């Protein structure tokens, strides 16, 4: 069963915190919702789950790749066209040091840029549900819920004081149970 997203829009941080409390009372965990805001708040200010950051791995891998490519290019060039100058060795490490350093830095920088794009989950082809008031200072709580729990999420968001609730796709129909 696919999950649907429900967005509750709140006027201020206190009402958004009430919405988080209502979601927890309704049985949603901190992995089921996320906070959207145009203002900077500290991570976990609303008790949401913060996924671990693995960005540090990308520059390390990039540095090793850049160093390897720099060594291969230096050694390959020197060995394919061996020119002995003044009795110096063809594969001279001190002469390769600057190019190896630059290759290491270039690899680390390129992989860092790729890592930022990857960790930011870009490009995002489907934006999902959103409200433009979030950029004006409102706070949004976006809940990912299975189809049978969408109504419970809406009820919890409204109970927490949401000014508006939006759905991804058509709004669920209420049955007279």
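The values are calculated or read from the model by the stated rules, or taken from the named source; none is laboratory data. Keep in mind that what you see is a predicted model, and the values were worked out from it rather than measured. Here the Cβ is made from the backbone with ideal geometry for all residues, glycine too, and neighbour counts use every protein chain on show.
Assorted remarks:
- Given (1) free of Cβ contacts under 8 Å to residues at least 24 places away in the same chain; (2) over 21 Å from the mean Cα position of the chain (by Cα); (3) outside any loop (DSSP other than H, G, I, E, B), index of the condition residue 170 fails: (3)
- Which listed residue is closer than 19 Å to residue 5 by Cα, in contact with a strand residue (DSSP E or B) (Cβ under 8 Å, 6 or more places away or on another chain), assigned to a loop (DSSP other than H, G, I, E, B) and in contact (Cβ under 8 Å) with a residue 12 or more places away in the chain, from 35, 129: 129
- Test for residue 132: is it out of contact with any helix residue (DSSP H, G or I) (no Cβ under 6 Å at 6 or more places or on another chain), assigned by TED's automatic domain parsing to the domain that holds residue 9 and more than 24 Å from residue 24 (Cα to Cα): yes
- Single condition residue 5 does not satisfy, out of (1) closer than 30 Å to residue 153 by Cα; (2) exposed (fewer than 11 other Cβ atoms within 10 Å of the Cβ); (3) modelled with pLDDT of 90 or more: (2)
- Number of the exception - residue 58 against (1) surrounded by 13 or more Cβ atoms within 10 Å (Cβ to Cβ); (2) at pLDDT below 95; (3) closer than 30 Å to residue 144 by Cα: (2)
- Residues in segment 47-77 that are part of a loop (DSSP other than H, G, I, E, B) and touching a residue at least 60 places away in the same chain (Cβ under 8 Å): 53, 54, 55.
- Every condition in (1) closer than 25 Å to residue 36 by Cβ; (2) surrounded by 15 or more Cβ atoms within 10 Å (Cβ to Cβ) is met by residue 106 except one, and the failing one is (1).
- Check on residue 10, modelled with pLDDT of 95 or more and either crowded, with 20+ Cβ neighbours inside 10 Å or over 24 Å from residue 118 (Cα atoms) (or both): yes
- Single residue of 137, 160, 86, 76 found to be exposed (fewer than 12 other Cβ atoms within 10 Å of the Cβ) and assigned by TED's automatic domain parsing to the domain that holds residue 29: 137
- Residue in segment 106-114 that is within 30 Å of residue 132 (Cβ to Cβ) and outside the structural domain of residue 154 (by TED's automatic domain parsing) present: yes
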